[in-house]
Each structure stands twice: as structure tokens, then as C-alpha cells.
1. Does residue 206 satisfy the criteria of being under 16 Å from the mean Cα position of the chain (by Cα) and part of a loop (DSSP other than H, G, I, E, B)?
2. For the range 72-85, what are the residues that are touching a strand residue (DSSP E or B) at 6+ places or on another chain (Cβ under 7 Å) and surrounded by 24 or more Cβ atoms within 10 Å (Cβ to Cβ)?
3. Taking residue 212 as meeting all but one of (1) more than 27 Å from residue 328 (Cβ to Cβ); (2) surrounded by fewer than 24 Cβ atoms within 10 Å (Cβ to Cβ), write down the number of the exception.
4. Could you name every one of the helices (runs of 4 or more DSSP H) located completely within the range 413-487 that has at least 1 residues being touching a residue at least 24 places away in the same chain (Cβ under 8 Å), crowded, with 17+ Cβ neighbours inside 10 Å and in the same structural domain as residue 50 (by TED's automatic domain parsing)?
5. Residue under question is residue 309, and the condition is that it be part of a strand (DSSP E or B) and closer than 18 Å to residue 257 by Cα; does it hold?
6. Could you tell me how many of the residues in the range 190-214 are out of contact with any helix residue (DSSP H, G or I) (no Cβ under 7 Å at 6 or more places or on another chain) and under 15 Å from residue 322 (Cβ atoms)?
7. Does any residue of the range 524-541 turn out to be in contact (Cβ under 8 Å) with a residue 40 or more places away in the chain and within 24 Å of residue 450 (Cα to Cα)?
């Protein structure tokens, strides 16, 4: 067999179901080998979107997603989604083609140093220089991708190596053993937690990568009675409808849940990674932070934990729970009072019936209509902060957002991959008009795949979050407004169904219809961001943490 055929057999051996991407002429031998394989090619309309889909596959399954591009511009189009997977800890394999490396008559046409480009943003990057090395490199790539911290790897398959003959066969799979924390570390941190007057549990991104971790965290909460909150990427690892949940740190400071942080004397920080926007700023004021993760903390000026438990999170939380007396971590009662304030101001506040919608109204309507096992995919924009703060997540993958690279344009591709993996679940992509137009062409991909998908398009004709920041700095509005197409006609041109002008009374009815009707649906909604100032700035300035 040739190198391309061997590579496809190696991918089959690893259990690969899909390859997302756009082939080029340098990939044609690989494409031919893929034609008769068990792996399904998902042809996308942009390499960046293919990378987002592969990363989402890795995020949702724990197995590396795979995507394909050609050399030069195909490879450079991968850079944003490789970075997305790298910061977000999502296992995936990026494969790119290359001109022949042993002899070529095309000079340096389309050639850049892709290996050097990928080196800072992957866990491993290699050019394959001989067909006989393919089996070991593919096996090593999958092993490296899933080891914590999981992330992207890259292989470059040159055209002549893909055609080279080989007798090598796929490398046998070997299990990866979990690294477990030492017994000594548990005794020490358990004593610190037991002596705390007001301990808090913080659930962060790495807690959301494995189902077992979420189960162990919920057991720890039930066993000990501890109150908890999450980072944005930790949302849903424990059910946010739980009576001891204080919400999500959508902001880094000054929200209601930060009153709890100010009262806490110990924070048990599970799965945190400094690539995520800080959920709070540490100060040298006596607060003890215990870092529990698969890997050691990376210290910076706002995160410098005093204690660490390094090993498999699920195992660590189970063992720690066994050392703490049942229901002993409820604190002095302050957190119960604060919980009532958070419910009053965040989840259950009275909302006037206005149109255009406010972000809080949108989050409430969606939460009331979405099933507990449904999936919400958020692009990046001002609305993401509101959904992170006000939309309660019920399980580890019910809200998919990115708080690490926080790139625009990922919402629709992520939703497509989620729907492919979980066709029985309702999936909604929430996108701003800015982010949506960066990968809106993937509507055609969704329609070609015959997916049932709802896109909630929030329209404000501007880059709204940056505009809010601009105003908050006292700067005049400049450089952030744009025009838009007729989104209804745009959706219909792809074969989707479009809806516009849905008022306060109609939204729930239209959304419910779209969720229950096959096909791709786009609902365009204008939004009123006045509450950015009235709630996130003025109200939070006026709040008091002195309760009862």
C-alpha cells in the first residue's frame, strides 16, 4: 500500500469516524484512500470551520477529532481553530498536505514553513518524511492529543510520501493510564477544608472534559454540603439548578457571586487553567486557594494557589469527599442568604415585556423552552456574557462556549458538530451578526448534512461588546458599526428557513416551532443592550455584600 492508504488505515485503527475539511491537489492520494474507507469526509466551506468542528468532536467525546487541509493557504486558515483547540484543551489532529519534499519542479509555489507555524500552538507537530514512519507518528499523535492537558497535534503529509510504497501496518493501541494524586496531598488539603469557616468550590474548564469528573464533583457537593460556582467553561459540570449553586463567573469581579468569594476563606479550585479569563482576582489577603487538576498551576499575578492536588480529577474528588464529614461545609449561613440575592437579581428578577429583547429576556425564553439535555452553542460577543451569567446549564455539554481564545465565528460550526454527534438532541446556535458572518457559509454544510438546527441571530449592526467597552472608557463611538444583508433572504438562498420581526409574544412560539420542525432555521432578532450599562455597570456598582 502507499503512504496515504496506510495513514487512512491508521486513522481507522484509532476509531476515527469523521474527517472535517477541504482537500487540495496535494491531498488527492489521501482523498482516494479515504473514498473506500469507513471514515466519512465532512466537506466544509472553510478550513477554519473544519477545525472548529474537529475540536468540538474532541471536546464532546474525549477522542481526537480530525481535520484536513492542503498546504499554504489551507494550512494558514487552520491557525485560528488550532489556537482555539490549544487554549481550550480540545484533543484533535490537524493534517495538512505539502509539495513533494524529495524533488519538486514548482519552486516555492504556495510553500511556507507550516511546521514552524504550528509549533507554538500545538502539542506536537511533525512533517512525515517517509511512509514507513506514518504508523508510529499517527499513534503518537493520538496519544499526545489526549494526554492532559489535551489539545491539538499536527501532521504534514507531503505528496510524494503519500505516494510512497510501504509494508508497515497500523501500530497497536496502548491504553493511557490515569495519573493519580498522592495520598499525602489529600490529608493536608482535607484538613485545610475542614477547618474553613466558609469554603467554596470553583468548577473550571478541565472539570468539563470528562463525564466522570462531573459525576465526582456532584458527589462531593452532595456529600459535603459545599456551595459552588463555575467559570464560563466549567458551566454544567455540576447542575446549575442545584440549591447550592451560586452561578457562573461571567465577569472577573464585582458581580453578586463575588460577594461569596470575598467572604470565603478557602476556595477549592477544580480544573482551573489560567488561559481562561479569571473568575476572580487573587490577592495576598489570607484567602487559601487549593488547585486540583490534572496538571500543575501556572502562576501569574492573579492566580497563585498555595496548595495543589495533581492527578485525575474524578479520583481526587472522590477521595477528598471520603475524608470530609457529611454536610459539614455549609459555612456560616451567609452563602444561603446570598443565594437568595442571586436568584432575585440574576435568575428570577421581574422582566418588563419589551421589544427589542434584552439579553436577560432572551436567556429566560431559551431556558424555558430548551430541554435539559439540549445543547446551546454560543459564538463570541456581548450576549455570551449574559448567557454565561443568566442561562443555567444542566450538564457538562448543555452550553458550549469558549472563554480561552474567545474567537468569533465558532458558534455555527460548533453547533453543527454537536448536532452530528447528538442527532437526538435539540441544538441552538446563538450568534451575533458580527461573528455569524465570519462562518455563515457553513449553513450550506448543515443543509447538505440534512441536520436539524436552529440559529438565533442577534442583530445590533455593530461589534457590540467592543462598542460597550469603548463607551465605558468614555470614548466616542467610532469604527465599530457595519451594515448587514437581508438575513431572511440570505438563509433562504441556502435552503434554510428565515424568520424576522419576532416580537415579545411570538418568540417562544416561533422558537418552539423551529425546534420541532426538521431543517435549518434562522431567527433574526434585534437586541437592546441598554442593560449592559444599567445592570453590569450601574447596578453592580450599587450592590452591597452586607446581607441579613
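1. No.
2. The answer is 75, 78, 82, 85.
3. Tallying (1) more than 27 Å from residue 328 (Cβ to Cβ); (2) surrounded by fewer than 24 Cβ atoms within 10 Å (Cβ to Cβ), residue 212 fails exactly one: (1).
4. none
5. Details: part of a strand (DSSP E or B): yes; closer than 18 Å to residue 257 by Cα: no.
It is false that residue 309 is part of a strand (DSSP E or B) and closer than 18 Å to residue 257 by Cα.
6. Of the residues in the range 190-214, 3 are out of contact with any helix residue (DSSP H, G or I) (no Cβ under 7 Å at 6 or more places or on another chain) and under 15 Å from residue 322 (Cβ atoms).
7. Yes, the range 524-541 has at least one match.
Per-residue answers, yes or no, for (1) without any contact (Cβ under 8 Å) to a residue 40 or more places away in the chain; (2) assigned by TED's automatic domain parsing to the domain that holds residue 456; (3) over 18 Å from residue 242 (Cα atoms); (4) not in a helix (DSSP H, G or I):
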position: 362; (1), (2), (3), (4): no, yes, yes, no
position: 366; (1), (2), (3), (4): no, yes, yes, no
position: 372; (1), (2), (3), (4): yes, yes, no, yes
position: 376; (1), (2), (3), (4): no, yes, yes, yes
position: 386; (1), (2), (3), (4): no, yes, yes, no
position: 393; (1), (2), (3), (4): no, yes, no, yes
position: 396; (1), (2), (3), (4): no, yes, no, yes
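The values are calculated or read from the model by the stated rules, or taken from the named source; none is laboratory data. The shown structure was predicted, so the numbers you read here are calculated from the model rather than taken from an experiment. All Cβ positions, glycine included, derive from the backbone under ideal geometry; neighbour counts span all protein chains shown.
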